[in-house]
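The structure appears right after this line, and notes come after that.
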Amino acid sequence: MEHVREIYSYTPSRSVSAGVSAWMIQRITSIVLFVAVPLKIFSGYAAVGKVSSSALAALHSNRWLDAVIMCAIIFHSLYGLRVILIEYGMATKATSLFVVFSIVGVVLFLGSLWLIW
């Protein structure tokens, strides 16, 4: 009976591991890319006049959309590379790899913001 009591008294940890964080960020950025990249392409058609919409044409030169796309591309690709390195056994410390790729991602994103603005 003591064993059953131990099972039911289990309280899950509220902390989120680095692996779950990287997984969630990669899923969120995939949705962002799935929406933002076709929007950027379609707004390019509006900018050159193939589609008649001034709102879409203005969206094509929107720096905020460019920043969102760059952020999503950078972090999605870095965390995807992290998964590949872990699955092929080239990286043993997943948490430190998450921290390193997060820092690299922030630096690359800030550099891309500098280029956009």
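Here are some notes:
- Of the labelled figures (1) 23.6; (2) 17.0; (3) 14.9, only one reflects Kirkwood radius over Cα pairs in Å as derived from the coordinates, namely (2).
- One decimal place: the segment N62-I41 gains 6.3 nm when fully extended, by the rule 0.36 nm per residue minus the C-alpha distance.
- The chain, helix-only ellipticity at 222 nm - DSSP H runs n ≥ 4, -39,500 (n - 2.57), divided by all residues, nearest 500: -26500 deg cm²/dmol
- The relative contact order of the chain, computed from alpha carbon pairs under 8 Å that lie at least 6 residues apart in sequence, is 27 percent.
- Rounded to the nearest 20, the Cβ-based charge dipole of the chain about its Cα centre (Lys and Arg +1, Asp and Glu -1) stands at 240 debye.
Any read-out appearing in this document is the output of simple, stated calculations on the displayed coordinates, not a laboratory observation. The model shown is predicted, which means the values in this text are computed figures rather than measured ones. Don't worry about glycine lacking a Cβ; one is built from the backbone with ideal geometry, like all the others, and counts go over all protein chains shown.
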